[in-house]
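So the structure is just underneath, and the comments pick up after that.
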Amino acid sequence: MSFRVEVQPSGRSFEAQPGESLLEAGLRSGLNIQYNCSSGSCGECRARLLSGELKPHRHGDYRLSEAERAQGDFLLCTHAAGSDLRIEALEAGSAADIPLQRINTKVRSLEPRGDNMLLLTLRTPRSQTLRFLAGQHVQLSFEGGPSADLALAGCPCNGMELEFHIARDPGSAFHEQLFSTLRRGDSLLVEGPYGEFTLDESSSRPLLFIAEGQGFASIKSLVEHEMALDSGRPIYLYWLAGESGHYRANLCRSWGDAVDELEYRPLNSIGELETLEGLERYDIYVSVSDEGRPEIDSLLLARGADSGRMFHLRTRTAAR
């Protein structure tokens, strides 16, 4: 039996399932709840019970004072719902509410897709997961070595496992070291998150996502977050193939099969976007190369897109 949890002051709500903490349930449902470790050590996910019954979920080392407990304070990560709840908790409203973090991570998996594409998953320590918004990016660096800004491809609901899609750049020292020497268990430093290529959750407009090549990474993060929110907004995903093709096409097709409101279209040329119509109604998120952006923007505006509702991925620096 699930329980409904209402969060103040935002008024948003989510369903908490048996066997999961309130933090896990809130993140799974797309809420940008304040937290850090998710293991009961830091106290960052402190909330206040306004009504309902809590159940212990796991042990935590962080200790609230008697006065704090008396006024209803508790940790979201160490408690589950025992009934429908009303709680007070801090949520991020924008990228400005997310603190910059510095975390030493370990390589969990390396999945080559051809000779020049790599799907990389990093794992953070249990005591310091990465808090980020869908669509943001981070800087990855080898200890004392080269670095690169890379988009986070995963859902913010799991800040312990960080996913990246990396197309090899022969002119980058970071990429050369990554593709030639990186192994499972190796360390990489993560700094961030950065960027404001994030979902406008206050909007009710249909969503059009346009990706090119590995620009799909940011779009994947945004799409998964929108699916977690379960807002019912129509989602249209157009993906222009890069040199590595549509390397997660099966995933995109599975989204289309599972979500009635989602339509996926793989593209091989920018000209195929000319079939789009009525774009004045859409929020449009574009994650493409700097070279392709002017042509795509011009085409979208010609098809009626509202320039004020077009959002573009911009990272800080190139790999080096």
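The values are calculated or read from the model by the stated rules, or taken from the named source; none is laboratory data. Quantities reported herein were computed from a predicted structural model and do not represent experimental measurements. Heads up, the Cβs are rebuilt from the backbone with ideal geometry, glycines too, and the neighbour counts pull from every protein chain shown. Heads up: the accessible areas ignore ligands, DNA and RNA and are worked out on the full protein's heavy atoms, side chains in. Shrake-Rupley method; radii C 1.70, N 1.55, O 1.52, S 1.80 Å.
Quick notes on this one:
- Long-range neighbours under 7 Å by Cβ, at least six apart or interchain, first residue at pLDDT 90 or above within region 46-61, second acidic (Asp, Glu): Arg46/Asp73; Ala47/Glu88; Arg48/Asp73; Arg48/Glu88; Leu50/Glu88; Gly52/Asp84
- The residues in region 272-299 that are acidic (Asp, Glu) and open to solvent by less than 10 Å² (accessible area, probe 1.4 Å) can be counted, and the count is 1.
- Among the residues making up region 147-187, those that are more than 24 Å from His246 (Cα to Cα) and open to solvent by 30 Å² or more (accessible area, probe 1.4 Å) are Cys157, Asn158, Ala173, Gln177, Thr181, Arg183, Arg184, Gly185, Asp186, Ser187.
- When residues of region 17-75 are limited to those that are outside any loop (DSSP other than H, G, I, E, B) and in contact with a Cys (Cβ under 6 Å, 6 or more places away or on another chain), the one surrounded by the fewest Cβ atoms within 10 Å (Cβ to Cβ): Arg28
- Residues being assigned to a strand (DSSP E or B), at positive phi, buried (at least 17 other Cβ atoms within 10 Å of the Cβ) and out of contact with any Gly (no Cβ under 6 Å at 6 or more places or on another chain) are represented in region 188-195 by at least one member.
- Filtering region 142-187 to residues that are assigned to a strand (DSSP E or B) and among the small types (Gly, Ala, Ser) leaves Ser147, Ala148, Ala151, Ala167, Ser187.
- Any hit, region 215-223, residues being open to solvent by 40 Å² or more (accessible area, probe 1.4 Å), in contact with a strand residue (DSSP E or B) (Cβ under 9 Å, 6 or more places away or on another chain) and of a type outside the set (Asp, Glu): no
- Note on region 130-146: among residues that are out of contact with any Leu (no Cβ under 9 Å at 6 or more places or on another chain) and of a type in the set (Gly, Ala, Ser), the one that is least open to solvent (accessible area, probe 1.4 Å) is Gly145.
- Residue-level check: of (1) more than 24 Å from the chain's Cα centre (by Cα); (2) open to solvent by 40 Å² or more (accessible area, probe 1.4 Å); (3) free of Cβ contacts under 8 Å to residues at least 60 places away in the same chain; (4) within 23 Å of Ser202 (Cβ to Cβ), Ser269 misses just (4).
- Total residues in region 120-147, condition farther than 30 Å from His59 by Cα and charged (D, E, K, R): 1
- Boolean, Gly93 is more than 18 Å from Phe142 (Cβ to Cβ), assigned to a loop (DSSP other than H, G, I, E, B) and within 24 Å of the chain's Cα centre (by Cα): yes
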